[in-house]
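Below: one structure, written as structure tokens.
The values are calculated or read from the model by the stated rules, or taken from the named source; none is laboratory data. From a predicted model like this one, the values you see are computed outputs, not experimental measurements. All Cβ positions, even for glycine, are placed from backbone atoms using ideal geometry, and neighbour counts span all protein chains on display.
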Amino acid sequence: MTDVLEVLEPATERLLQEVPRVGVAEVDAAVARAKAAYPGWRAVAPADRARLLRRVVEAMEGAWEELALLEARNAGKPIASARGEIGMAIETFRYFAGAPERPFGETIPVAGGMAFTVREPLGVVGLITPWNFPLAIACWKMAPALAAGNTVVLKPAELTPLTALRFASLALEAGLPEGVVNVVVGPGRTCGQRLVEHPDVAKIAFTGSTAVGVSIAAGAAATIKRVTLELGGKSANVVFADADVEAAARAAPGAVFDNAGQDCCARSRILVERSAVDEFLSHLEGAVRAIRVGDPLDAATEMGPLISAAQRDSVASFVDGDAEVAIRGSVPDGPGFWFPPTVLWPVPLDHRAVVDEIFGPVAVIVPFDGEADAIRIANDTIYGLSGSVWTRDGAKGLRVARALESGNLSINSNSSVRVTTPFGGFKQSGYGRELGPHATDAYTEVKTIFYNTEGN
Ligand code: NAD
């Protein structure tokens, strides 16, 4: 009997679709299909592989609205954001479609002949992804992996498997050979774990929580699998008194409440220079109250519900009375996993809301006194994924950005992610980089070949 997974719509709590939930045997079968497809895919001439990936781009463009609607309904994200995310997934494939044809070896002077390097694909790559940006994050991994000549088995989060499943059928329609892209929908503990342990999987590329990342790194060690980890965050939005404080305050809600705060890059610690706190809060209050929380399918909506009841309860546990609620937005009545945009201030520095990743629409205000203090507080975390610095002093902005222990910094902006620039974490936010010009490196091995020109 097939096990059935009920996929919900978080804005209504209603059933959206039922999909078969697979087990370990199906994971093994998917790995076997990927293994069988690998020699053929790796042998496809670079220009032909590029052409096929461009056909995937065209297929996704044709299904853009369909994918965006599916993502908006399944992940509860505003339709405008969902359209943007699918656009980014498409751009990711477009960017990496050129990779098979880019040169990437080196020649190295040696005695007795010539030495040069080539980059070889790894084989079958296991991709394990979260529910917050379901298709976009899957494409950050699939596009460079496929461009480099690997075949993939993708295990999306159980809460949001629909766009990954639709992608798999689009890829086939676009002409990717059978077995090159495989999607398995099942629990992390069994199916994810099996991918991590499977002897025929050469690498795991994972995005998710730091706790699961630890278990994946440990599990992968037994077979010396390559691993890249994109994990949690607790990023700082550092606002100096010499900044355009109003602009920083108006931009701050987007930096922490986008995707209802379920964003690894969320700047959930807003560090404000003490003399600017009152001015900052006065502008922030209006901006937070203006956030339109509601039906994800309404084009005017800016924030949707959380992904699940469990996530809502987890987020609610951070607002525990030990910190004052300074600003609280509003949410719709009725069903849906809603949680209002919330700003805590004042809040003790050892409060969970300051220390731990919340992954929901809750921000804390932390005052600081001068540059050194800002750097010390911002770096006082196990995480290091993103962050922002707001100041009119360009040199100070660069000094602070260099001093922050984090993989992605913005000055006078809160943007973190571009298809063309590397993305990834310092410290316990993970290791390895996705996107940007070197992302295919993470899906290849360097091979050195020596050609004897002198005879024996
Ligand atoms: P999660 O770690 O619970 O799950 C992520 C994926 O791992 C899911 O597909 C899940 O089924 C699978 N999984 C769970 N247990 C497993 C195991 N033992 N072995 C193998 N696979 C397993 O994370 P989530 O709740 O889906 O996503 C939220 C987390 O993801 C947050 O901590 C967030 O910060 C992080 N995240 C990080 C980034 C980034 O790029 N750094 C991006 C998005 C989300």
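Taking (1) at pLDDT 95 or above; (2) out of contact with any helix residue (DSSP H, G or I) (no Cβ under 6 Å at 6 or more places or on another chain); (3) over 30 Å from ALA309 (Cβ atoms) in turn, SER81 satisfies each apart from (3).
Restricting segment 108-130 to residues that are within 16 Å of the ligand (Cβ to nearest atom) and in contact with a Gly (Cβ under 9 Å, 6 or more places away or on another chain), the residue that is farthest from ASN182 (Cα to Cα) is PRO130. Within segment 350-368, the set of residues being farther than 14 Å from GLU324 by Cβ and either within 20 Å of the chain's Cα centre (by Cα) or crowded, with 24+ Cβ neighbours inside 10 Å (or both) comprises ASP356, GLU357, ILE358, PHE359, GLY360, PRO361. Among the strands (runs of 3 or more DSSP E) confined to segment 1-120, the ones with at least 3 residues that are touching a residue at least 12 places away in the same chain (Cβ under 8 Å) are located at 3-9, 14-21. Across segment 150-176, which residue is surrounded by the fewest Cβ atoms within 10 Å (Cβ to Cβ) among those that are among the small types (Gly, Ala, Ser) and free of Cβ contacts under 8 Å to residues at least 60 places away in the same chain? Within segment 150-176, the match that is surrounded by the fewest Cβ atoms within 10 Å (Cβ to Cβ) is SER169. Restricting PRO422, PRO437 to residues that are free of Cβ contacts under 8 Å to residues at least 40 places away in the same chain and in contact with a His (Cβ under 8 Å, 6 or more places away or on another chain) narrows the list to PRO422.
Yes/no matrix, rows are residues, columns are (1) in contact (Cβ under 8 Å) with a residue 60 or more places away in the chain; (2) in contact with a strand residue (DSSP E or B) (Cβ under 6 Å, 6 or more places away or on another chain):
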site	(1), (2)
VAL355	yes, no
TRP390	yes, yes
SER415	no, no
LYS427	no, no
LYS447	yes, yes
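For PHE104, the conditions (1) at pLDDT below 95; (2) in contact with a helix residue (DSSP H, G or I) (Cβ under 6 Å, 6 or more places away or on another chain) are fulfilled apart from (2). Scanning for something β-branched (Val, Ile, Thr) and closer than 27 Å to GLY424 by Cβ, does segment 229-241 turn up at least one residue? Within segment 229-241 (the criterion being β-branched (Val, Ile, Thr) and closer than 27 Å to GLY424 by Cβ), the answer is yes, since at least one residue qualifies. Only one of the listed residues (PHE450, PHE426) is at pLDDT 95 or above and within 15 Å of the chain's Cα centre (by Cα). That residue is PHE426.
The single condition from (1) in contact with a strand residue (DSSP E or B) (Cβ under 7 Å, 6 or more places away or on another chain); (2) within 30 Å of ALA309 (Cα to Cα); (3) at pLDDT 95 or above that TRP41 fails is (2). From the list ARG226, ARG250, the one residue that fits, being among the basic types (Lys, Arg) and over 24 Å from LEU435 (Cβ atoms), is ARG250. For beta carbons closer than 9 Å, sequence separation of 6+ or different chains, a first residue in segment 263-287 that is over 29 Å from ALA82 (Cα atoms) and a second that is within 16 Å of the ligand (Cβ to nearest atom), the qualifying pairs are LEU271/ALA236. From the list GLY329, GLY286, the one residue that fits, being surrounded by 15 or more Cβ atoms within 10 Å (Cβ to Cβ), away from the ligand (no atom under 16 Å from the Cβ) and of a type outside the set (A, V, I, L, M, F, W, C), is GLY329. For segment 369-385, a tally of residues being without any contact (Cβ under 8 Å) to a residue 24 or more places away in the chain and over 25 Å from the mean Cα position of the chain (by Cα) returns 3. Could you look through segment 27-43, keep only residues that are within 12 Å of VAL153 (Cα to Cα) and touching a helix residue (DSSP H, G or I) at 6+ places or on another chain (Cβ under 8 Å), and pick out the one that is surrounded by the most Cβ atoms within 10 Å (Cβ to Cβ)? Per the criteria, the residue is VAL27. If only residues of segment 85-107 that are within 16 Å of the ligand (Cβ to nearest atom) and of a type outside the set (Ser, Thr, Tyr) are counted, the one that is surrounded by the fewest Cβ atoms within 10 Å (Cβ to Cβ) is MET88.
Determine whether segment 275-285 contains at least one residue that is of a type outside the set (Gly, Ala, Ser) and not in a helix (DSSP H, G or I). Among the residues of segment 275-285, not one is of a type outside the set (Gly, Ala, Ser) and not in a helix (DSSP H, G or I), which makes the answer no. Listed by position, the strands (runs of 3 or more DSSP E) contained in segment 352-456 that have at least 1 residues being within 16 Å of the ligand (Cβ to nearest atom) and of a type outside the set (Val, Ile, Thr) are 362-368, 386-390, 408-411. A single entry from VAL124, VAL110 fulfils the requirement of being modelled with pLDDT of 95 or more, surrounded by fewer than 15 Cβ atoms within 10 Å (Cβ to Cβ) and among the β-branched types (Val, Ile, Thr): VAL110.
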